[in-house]
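Everything below concerns the one structure shown next.
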Amino acid sequence: MRTFLSDFKKFILRGNVIDLAVAVVVGAAFNAVVQSFANDVVMGFVGAIFGKPNFNDVTIHVGDGRVLVGVFITAVVNFIIVGFAVFLAVKAFEAMQNIRRKSAAEGDKGVDVDSDFTVDQELLMEIRDLLRERAVG
């Protein structure tokens, strides 16, 4: 049981798990912003143009039943809005990465573009190197 708890503690304290947790929280917050933009802003314009903020009332009557085409149309419009917002966020992130790469290429100290290591790993490697120098010297 003790090894199980020890392994669990190591698992939880790994950097990747923390990064994933942060990504989930930020993703949820971003989702709320995008959904609000889609439902409150863009669909507000739809309401101003078509008289209602969504297409949910558009139906096709077939015999005794009805097909809720409008609900589907609203979902498609929301999907396109959300997809476009994610596209803009990715483009903004890529632009920031390009600025970072350009800055690093121009000799900005402290930025390593080609590094595949996290900041924690880089710091640990620096500490390791300093300890090696101290042991040799």
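The values are calculated or read from the model by the stated rules, or taken from the named source; none is laboratory data. None of the values given here were measured: they were computed from a predicted structure. We place every Cβ from the backbone using ideal geometry, glycine too, and count neighbours over all the protein chains shown.
Summary table below
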quantity: Some residue of the range 32-40 being farther than 26 Å from VAL119 by Cβ and in a loop (DSSP other than H, G, I, E, B); calculated: no
quantity: Residue check, PHE55 under 30 Å from ILE12 (Cα atoms) and of a type in the set (Phe, Trp, Tyr); calculated: no
quantity: Qualifying residue in the range 104-119 (condition: surrounded by 12 or more Cβ atoms within 10 Å (Cβ to Cβ), assigned to a helix (DSSP H, G or I) and on the phi < 0 side of the Ramachandran plot); calculated: yes
quantity: Condition met for ALA29 (under 30 Å from GLN121 (Cα atoms), part of a helix (DSSP H, G or I) and modelled with pLDDT of 85 or more); calculated: yes
quantity: Contacts under 6 angstrom Cβ, first residue in the range 89-104 being in contact (Cβ under 8 Å) with a residue 12 or more places away in the chain, partner not small (Gly, Ala, Ser), 6 or more apart; calculated: ARG101/VAL113
quantity: Neighbours by Cβ (under 7 Å, 6+ apart or cross-chain): first from the range 2-26, under 14 Å from ASP120 (Cβ atoms); second in a helix (DSSP H, G or I); calculated: GLY15/ASP120; VAL17/PHE11
